[in-house]
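Data block below; observations after.
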Amino acid sequence: MTSAAVVELRDVTRSFPGPPEVQALKAASLRVESGDYVSIVGPSGSGKSTMLNVLGLLDRPTVGEYLLDGVSTGAMHDDARTALRASVLGFVFQAFHLLPRRTVLENVMLPLLYNGAPRAEREARARAALHRVGLDHRVDFRPDLLSGGERQRVAVARAVVTRPRLLLADEPTGNLDRATTTDIMELFEELNDDGLTVVLITHDQRVADRARRTIRIADGRVEEIS
Ligand code: ADP
Ligand code: MG
């Protein structure tokens, strides 16, 4: 069976045993088609990060099924999940998570170590990704010399250098001012226009509104889809 869905969650429940037991997701279903751009909003503690962790193969459903790019992930062993994560997914986080002692170029080359490409090819691809995000002039800098917006651009370059099918972002503009938030949103839209599927968590309604679809989570349930 083939499917155009990049993400398919089927009645996913994620329970944390506690005590007290917390059901962070409750029979959540979600389908994201190739090329879509989905924002996920909801109050603090509603299950947004839990959902993103499941989508990112960083966590497993307690009940229910998750298909990523048509592949059923439930029965996969950890090494297969790690390989799938490295080839299909890119991640961007609120706090950038760049390695401080590496240059910008080295940070962006790192994800390519796992696919065994020769160094020259890894460097060329990292330079192309940094060009894509407008940072040609910062390749040899250490991250601590960059502004917040520049750091997040580096993180985006690192996330897309492997040419993922799906970009997952958890509050990517949470540490950025208003003008820089707009810059980063424009970058996400350009990547989406080029065909990248994007799922983004945000507290910021202006950020959510720029996606093609918005999903609201409340108390672990997917409440409305617009
Ligand atoms: P959000 O990202 O929307 O703020 P989370 O997905 O982080 O919410 O958390 C949803 C609920 O699950 C919260 O009640 C949180 O305390 C709980 N939770 C999240 N992770 C764990 C964990 N590892 N162990 C126990 N409870 C957790
Ligand atoms: Mg969260």
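The values are calculated or read from the model by the stated rules, or taken from the named source; none is laboratory data. Every value quoted in this text rests on a predicted model; they were computed, and no experiment measured them. In this analysis, Cβ positions are derived from the backbone assuming ideal geometry, glycine residues included, and neighbour counts consider all displayed protein chains.
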Original post:
Just one of ARG119, ARG151 is over 30 Å from LEU30 (Cα atoms), among the charged types (D, E, K, R), more than 16 Å from ligand 2 (Cβ to nearest atom) and surrounded by 16 or more Cβ atoms within 10 Å (Cβ to Cβ); which is it?
Top reply: ARG151
**OP:** Please identify the pairs in which a residue from segment 21-33 that is without any contact (Cβ under 8 Å) to a residue 12 or more places away in the chain has its Cβ atom under 6 Å from the Cβ atom of a residue that is assigned to a strand (DSSP E or B), counting only partners at least 6 apart or on another chain.
**Re:** GLU21/SER15; VAL22/PHE16
Original post:
Among the residues of segment 60-82, which ones are assigned to a loop (DSSP other than H, G, I, E, B), within 16 Å of ligand 1 (Cβ to nearest atom) and surrounded by fewer than 17 Cβ atoms within 10 Å (Cβ to Cβ)?
Top reply: ARG60, THR62
**OP:** Starting from residues that are surrounded by 18 or more Cβ atoms within 10 Å (Cβ to Cβ), within 18 Å of ARG165 (Cα to Cα) and not hydrophobic (A, V, I, L, M, F, W, C), keep the ones in segment 190-226 and report whichever is nearest to ligand 1 (Cβ to nearest atom).
**Re:** THR197
Original post:
Taking the condition among the basic types (Lys, Arg), more than 24 Å from ARG210 (Cα to Cα), more than 16 Å from ligand 1 (Cβ to nearest atom) and within 16 Å of the chain's Cα centre (by Cα), does ARG10 pass?
Top reply: no
Original post:
Are any of the residues in segment 87-98 more than 16 Å from ligand 2 (Cβ to nearest atom), farther than 30 Å from ASP144 by Cβ and assigned to a loop (DSSP other than H, G, I, E, B)?
Top reply: no
Original post:
Does ALA129 fit the bill of being part of a helix (DSSP H, G or I) and under 27 Å from SER39 (Cα atoms)?
Top reply: yes
Original post:
If a residue has to be of a type in the set (D, E, K, R) and either under 18 Å from the mean Cα position of the chain (by Cα) or crowded, with 21+ Cβ neighbours inside 10 Å (or both) to count, how many in segment 126-137 make the cut?
Top reply: 1
Subject >> Cβ pairs under 6 Å, 6+ apart, first in segment 119-144 and over 13 Å from VAL156 (Cα atoms), second assigned to a helix (DSSP H, G or I) and modelled with pLDDT of 95 or more >> reply: ARG122/MET109; ARG138/VAL104; VAL139/VAL104; VAL139/LEU105; VAL139/LEU130; PHE141/VAL104; PRO143/ARG151
Original post:
Which one of the conditions (1) closer than 18 Å to ALA5 by Cβ; (2) more than 16 Å from ligand 2 (Cβ to nearest atom); (3) surrounded by 18 or more Cβ atoms within 10 Å (Cβ to Cβ); (4) of a type in the set (A, V, I, L, M, F, W, C) does VAL104 fail to meet, given that it meets all the rest?
Top reply: (1)
Original post:
Under the condition of being in contact (Cβ under 8 Å) with a residue 12 or more places away in the chain and among the acidic types (Asp, Glu), which residue from segment 166-189 is surrounded by the fewest Cβ atoms within 10 Å (Cβ to Cβ)?
Top reply: ASP177
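Specify which of the listed residues (SER39, SER44, SER49) is under 30 Å from PRO143 (Cα atoms), in a loop (DSSP other than H, G, I, E, B) and within 15 Å of ligand 1 (Cβ to nearest atom).
Only one candidate passes the filter, namely SER44.
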**OP:** Inspect all residues belonging to segment 46-69 and state whether any of them is modelled with pLDDT under 95, away from ligand 2 (no atom under 16 Å from the Cβ) and under 19 Å from the mean Cα position of the chain (by Cα).
**Re:** yes
Original post:
Scanning segment 1-36 for residues that are assigned to a strand (DSSP E or B) and either charged (D, E, K, R) or at positive phi (or both), which turns out nearest to ligand 2 (Cβ to nearest atom)?
Top reply: ARG14
